[in-house]
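What follows draws every value from the coordinates through simple rules; no lab data is involved. Source: prediction; values computed, not measured. Heads up, the Cβs are rebuilt from the backbone with ideal geometry, glycines too, and the neighbour counts pull from every protein chain shown.
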Amino acid sequence: MTVIQGPLTGITIVDLTRILSGPYATMLLSELGARVIKVEEPGKGDDARAYGPFIQGRPCYFNSINRNKESIALDLRKEEDRSIFDSLLANADVLTENFRPGVMEKLGYDWNQIHTRFPKIIFASVSGYGQTGPESRKPGYDMVLQGVTGMMSITGEADGEPCRTGISIADVGTGLFTAVAISSALLHRERTGESTRIDMAMFDCMLSIMETPISRYLMTGEIATRMGSFHPAIMPFEAFATQDSHITLACGNDKIFKQFCAAIHREDLAKNPDFASNLSRVENRNALRTEIGKELAGATTAQWTSRLEMLGIPVGPINNVAQAVDHPQVAARNMLVETLDPLLGPLRVVGSPFKMSAFSDSTTRKLAPELDEDRDRLIAEFHRPST
């Protein structure tokens, strides 16, 4: 087993989460050194084990977000399995779960019961709408949350249909927030000795991600709409067609805009009062976009990116996924690492974004576990049945 060394080395997480938001959070924590023991439903396991794509029967989706973990299958309705689960909790620092609110209470493992029996445990719950409020018992699914919180209303072309983001942003975003909350709770416990109940709602996390359009509405009454690649408050800050594809251009201030105008030999644009300031450029967006578009259509994406990058102007191609992972920065930053599958051999997965001077960034990871793969070893390590 590849052991990741990091600031959370020595921390043990008992993980009841499944599918994406919770497993993504605990995968991130494993990248920081935490030991993650994944507790799954016997015979079935995490629902994500059934999600494709599959290569020779191997679940690629599940493997990508459950690497570095151990698996044990337990039915918490059975006394023998509850005894094993209790043994895990007695040695754990964190318990994570993403059942609907009320399920853990029915199982006899809600916060009050856990805190009484295992007072050092940090208890993190992830749900669609949180543990409180009129919607708390509703199920939480990524696309539903993208719709409810307004994300889909601002994603896509102006004249197009509501559109979800290209990734499961509600799940992944909630996973990120949950990892931050758990890390902070561990620091709080280190300082004070006090354990913490963490209540993470996908709804709340999406509202936090929507901070800018919500703030604009609260301050101005303006309701954001779909704008394609446009930025509502900065211009030019969007995608433009070139001779052969598209580039993204981000002129975040007047100085960069003037440099850009000089680079495309259109100094007249920077001198035009309609485009002299960012505010005037936003107000006259369509006219400026037309002028810039005519110039950029005259050369290829590679030509423009080479020319503009030399001048320090923020620009880039719109890569597909294959082009993105082949970018030289990926190898330089160790952002693709290997897991060794006994059937398929070495498989590449996305590496860790955590680069810390005190810890090495390994080029390999442990493959996601088979269901119940670590049962015997975990029982031998933790469980001492009463006699």
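Here the Karplus curve 6.51 cos²θ - 1.76 cosθ + 1.60, taken at θ = phi - 60°, turns the phi angles of the stretch 306-316 into couplings of 5, 5, 6, 4, 4, 9, x, 8, x, 8, x Hz, with x standing for Gly and Pro. I want to verify a result. In a Gaussian network model of the chain, Cα cutoff 10 Å, which of these has the top mean-square fluctuation: R35, R18, R377? Checking each option, the largest mean-square fluctuation is seen for R377.
Between the stretch 113-175 and the stretch 207-269, how many Å separate their Cα centres? Between the Cα centres of the stretch 113-175 and the stretch 207-269 lies a distance of 28 Å. Where does helix 21-31 land angle-wise versus the long Cα axis of the chain, in degrees 0 to 90, nearest 10? Once rounded, the angle reads 90 degrees.
Only beta bridges with both residues in the chain are counted; by DSSP, about 40 percent of them are antiparallel.
Counting beta carbons within 10 Å around each of R266, R348, R137 and listing the fewest first gives the order R348, R137, R266.
The helix-based estimate of mean residue ellipticity at 222 nm for the chain, built from -39,500 (n - 2.57) per DSSP H run of four or more residues and divided by its residue count, is -11000 deg cm²/dmol to the nearest 500. From the cross-link list K78/K106; K69/K106; K38/K78; K78/K366; K120/K355; K120/K366, which pairs have alpha carbons spaced over 21 Å apart? The answer is K69/K106; K78/K366; K120/K355; K120/K366. Sorting M210, M310, M104 from the fewest to the most surrounding beta carbons within 10 angstrom yields M310, M210, M104.
At an R0 of 30 angstrom, the distance between the Cβ atoms of A331 and N253 translates into a FRET efficiency of 0.40. Comparing G160, G102, G221 in a Gaussian network model of the chain where C-alpha atoms under 10 Å apart are linked, the largest mean-square fluctuation is found at G221. Computed from phi, the 3J(HN,Hα) profile of the stretch 210-227 under the Karplus parametrisation 6.51, -1.76, 1.60 (θ = phi - 60°) reads 7, 3, 5, x, 5, 5, 4, 5, 5, 8, 10, x, 7, 9, 5, 10, 5, 9 Hz, with x in place of Gly and Pro. Expected output is a single nm value to one decimal: the length gained when fully extending between A224 and R100, i.e. 0.36 nm times separation in residues minus the C-alpha distance. What is it? Result for the pair: 41.5 nm of gain on full extension.
Near the amide H of V36, within less than 5 Å, lie the amide hydrogens of I13, E70, all on another chain or at least 5 residues away, with H placed in the peptide plane.
Distance from the Cα centroid of the stretch 81-103 to that of the stretch 318-387 is 24 Å (rounded to whole angstrom). Mind pulling the angle between the C-alpha long axis of helix 285-296 and the longest principal axis of the chain? Nearest 10 degrees, somewhere in 0 to 90. Taking the Cα atoms of the chain, the angle to 285-296 is about 80 degrees.
Cross-link partners of K258 among aspartates and glutamates, defined as those whose alpha carbon lies under 13 angstrom from its own and excluding same-chain residues fewer than eight positions apart: E267, D268.
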